[in-house]
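The values are calculated or read from the model by the stated rules, or taken from the named source; none is laboratory data. This is a predicted model, so every value here is computed, not measured. Positions of Cβ are backbone-derived with ideal geometry, glycine not excepted, and every protein chain shown enters the neighbour counts.
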Amino acid sequence: MPHIIQVTELSKTYASGFQALKNINLDIRRGEILALLGPNGAGKTTLISTICGIVTASAGTVVVDGHDNVSDYRAARELIGLVPQELCTDAFETVWATVSFSRGLFGKPTNPAYIEKVLKDLSLWDKKDSKIITLSGGMKRRVMIAKALSHEPQILFLDEPTAGVDVNLRRDMWNLVRLLQKSGVTIILTTHYIEEAQEMADRIGIINKGEIVLVEDKDELMRKLGKKQLTLQLQAALPELPAGLADYALTLSPEGRELTYTYDSLDERTDVTALLSSLQQAGIKFKDIQTRQSSLEDIFVHLVKDPA
């Protein structure tokens, strides 16, 4: 899949001396959904703002579909729609007027049919004549997305798009993102909701302290770094683990009624059948067995605490 954005050796140091980005290299594939995860202050918003040309890089380059975002700023920026974290709209304008005005800022000819489609896709059509000040927070967030889509961008950046919105609206936005991707739009989102990244993204990027820790296909990331956990509920409590089971690195619960076996599902040496046979030989009987696969949240916490 060809790249639509190429970020090379990108760094940003502010006047205070704080280095927000450190030699970022990132290729974004055309038509993908890339989720950027990271703790507060990791550099997610700075990275997005620099790619969009809002923040000036201290070093490095950003190329958007062949256009350098400094030397060919207008062409690069025209390809991008940005939904920032902050709700910043003209409170006393109507929904229709503010979205139409945003389209005009990019020099696009008026296209009422397209604006109507965007508002309908975002469930804003019945609010088209309402002033922004009268809308709920969730509706204002939808207006921000409509403004970002008004000039028909090929790339959409969503910076914490579902922060502070209810579950139903979050699901609506996820559905919209899928529709946009099907229409060919490349989407980059930052989020604090791990389940959002796991639900939506094709690839996951993890950024911490201004550095890219990892960028990986979501399924491959889960396959590589996901651990499996086997928990056995015992019929009788064990005072301690028998010496013959030491090779399995089992964990015995404090009350002695559960055995936990954590293993790498890709490790060819893993043999749950052999473990169960060894338990039987040791006279240990269990009444229930449960398995659990590591979640993306487990992987994220591990990588941020102990970067690869």
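Side notes on the structure shown:
- Here is the figure for the stretch 1-26: residues that are of a type outside the set (Phe, Trp, Tyr) and surrounded by fewer than 15 Cβ atoms within 10 Å (Cβ to Cβ) total 9.
To keep it simple, each residue is scored yes or no on (1) of a type in the set (Ser, Thr, Tyr); (2) surrounded by fewer than 20 Cβ atoms within 10 Å (Cβ to Cβ); (3) in contact (Cβ under 8 Å) with a residue 40 or more places away in the chain; (4) within 29 Å of residue 65 (Cβ to Cβ).
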position: 113; (1), (2), (3), (4): no, yes, no, yes
position: 124; (1), (2), (3), (4): no, no, no, yes
position: 135; (1), (2), (3), (4): no, yes, yes, no
position: 149; (1), (2), (3), (4): no, no, yes, yes
position: 154; (1), (2), (3), (4): no, yes, yes, yes
position: 178; (1), (2), (3), (4): no, yes, no, yes
position: 190; (1), (2), (3), (4): yes, no, yes, yes
position: 199; (1), (2), (3), (4): no, yes, no, yes
position: 204; (1), (2), (3), (4): no, no, yes, yes
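- Complete set of residues in the stretch 1-27 that are closer than 13 Å to residue 62 by Cα, of a type in the set (Val, Ile, Thr) and out of contact with any Gly (no Cβ under 9 Å at 6 or more places or on another chain): 5
- In the stretch 46-60, the residues that are aliphatic (A, V, I, L, M) and assigned to a helix (DSSP H, G or I): 47, 48, 51
- Any hit, the stretch 79-89, residues being touching a strand residue (DSSP E or B) at 6+ places or on another chain (Cβ under 8 Å), at pLDDT 95 or above and closer than 13 Å to residue 212 by Cβ: no
- For residue 198, the conditions (1) modelled with pLDDT of 85 or more; (2) closer than 30 Å to residue 78 by Cα are fulfilled apart from (1).
- The stretch 35-45: number of residues that are buried (at least 17 other Cβ atoms within 10 Å of the Cβ) and either at pLDDT 95 or above or in a loop (DSSP other than H, G, I, E, B) (or both): 3
- Filter result for residue 169 (in contact with a strand residue (DSSP E or B) (Cβ under 9 Å, 6 or more places away or on another chain), assigned by TED's automatic domain parsing to the domain that holds residue 46 and not in a loop (DSSP other than H, G, I, E, B)): no
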